[in-house]
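Colleague: Sharing a structure here in structure tokens format.
The values are calculated or read from the model by the stated rules, or taken from the named source; none is laboratory data. On a predicted model such as this, the values are computed, not experimentally measured, just so you know. Glycine gets a Cβ as well: all are built from the backbone with ideal geometry, and neighbour counts include every protein chain shown.
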Amino acid sequence: MNISKLLIFLFILSLSPVASTAEEDYSAEVRYLHVQKGQTLHNIVKRLYPDRPQDWPKLTKDIVRINTHAFINSDPTKMKAGVRLKLPQKVVIQTAAEKAKKVGVVVEMSGSVLAVDKSKVSRALSKGSSVFLGDKVITGETGYVRLQMIDKAVLDLRCFSIMVIEDYALNNTSRRSILNLLQGSLKKVTGEIGKMADDVYELRTPVASVGVRGTEYALRVFQSKGCGGTLDADDGLYLEVIKGLVDIHNVAGKEVIAKGETAYVPLPKAAPQKTKIKPGIIKPVEKVEVVEPEDEGTSLWWWLLGIVGIALLI
């Protein structure tokens, strides 16, 4: 008798496949979606974009248009089971940005600057653009960007730079700033995060990590080719402290660098060392305009012409 009830129950479930997937959570950040038996395009669009009912008709048309293999005679009500749907890219980008946590904004920029989000979707940045937790910010050959973060910190990234915003929080329970500069040049003025003893602040690089307490510094890592006025250099990490103190450390050792001091770390397993850095490695080389001295004979000639001109006027 119990076996009969179980078989009836399983039969009823098999007749209602939609109910079995009703609680499935869809993420609008995904680029592809596998269609299960019993699902309809209307329900998929509704679950993917619950806050955008005004866009459902257009989204439906776009999905059908770019997935002709998934529908019979391009009819949105006749979707095949077991196929893979490709989602509209622009919609995915907008939805991912809306859901991500904003941690900063672009206040200045030039050249090519991109951000790649956690879903590996890229977008071009411009003045006023927001950056989000998890973004990888990339500058091109002539790229430059200044970011103002939520704690009023200022980050300047020059050309050939790649930086990941791994963690950024400013609230009553957590004050954290963790950035990862994979390569390039960065100048940073710290904001509110880093001023209190319990704050978590770290700038990571492939060579060493930097911890601070309210300071200003500049560094360059894994950037052999100079750009924006800087010179070519050996690989490794170069650091200059402009204000305050910086703690630089890796598996090989630790060093505290004070205002006006510089340091170099050639490898992850080499201890940081205070050392003089050649001008032009971190800061762009300033061009000095050379003024050619005037020939004395030429100057005397113009002086005599001036005297003659005055005499004629008199």
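Colleague: May I ask you to verify whether Gly194 is surrounded by fewer than 18 Cβ atoms within 10 Å (Cβ to Cβ), in the same structural domain as Gly143 (by TED's automatic domain parsing) and either part of a strand (DSSP E or B) or not aliphatic (A, V, I, L, M) (or both)?
Modeller: No.
Colleague: Which ones in the range 107-118 are out of contact with any strand residue (DSSP E or B) (no Cβ under 6 Å at 6 or more places or on another chain) and crowded, with 17+ Cβ neighbours inside 10 Å?
Modeller: Asp117, the sole residue that qualifies.
Colleague: Report the residue count in the range 212-223 for those that are surrounded by fewer than 18 Cβ atoms within 10 Å (Cβ to Cβ) and outside any loop (DSSP other than H, G, I, E, B).
Modeller: Total meeting the criteria: 1.
Colleague: Is at least one residue of the range 171-182 within 19 Å of Leu147 (Cβ to Cβ), modelled with pLDDT under 90, surrounded by 22 or more Cβ atoms within 10 Å (Cβ to Cβ) and out of contact with any Gly (no Cβ under 9 Å at 6 or more places or on another chain)?
Modeller: No, the conditions are met nowhere in the range 171-182.
Colleague: Tell me, which strands (runs of 3 or more DSSP E) lie completely within the range 101-144 with 3 or more residues that are among the β-branched types (Val, Ile, Thr), modelled with pLDDT of 95 or more and assigned by TED's automatic domain parsing to the domain that holds Ser161?
Modeller: 102-110, 136-139
Colleague: Can you name every residue in the range 197-210 that is buried (at least 18 other Cβ atoms within 10 Å of the Cβ), at pLDDT below 90 and assigned to a strand (DSSP E or B)?
Modeller: Tyr201
Colleague: Here is a further query. Checking Glu240 against (1) surrounded by fewer than 17 Cβ atoms within 10 Å (Cβ to Cβ); (2) modelled with pLDDT of 95 or more, which test does it fail?
Modeller: Unmet condition: (1).
Colleague: Considering each of Gly194, Gly140 in turn, give the residue that is within 21 Å of Val241 (Cα to Cα) and of a type outside the set (A, V, I, L, M, F, W, C). Give the derivation first.
Modeller: Details: Gly140 fails: within 21 Å of Val241 (Cα to Cα).
When all the criteria are applied, what remains is Gly194.
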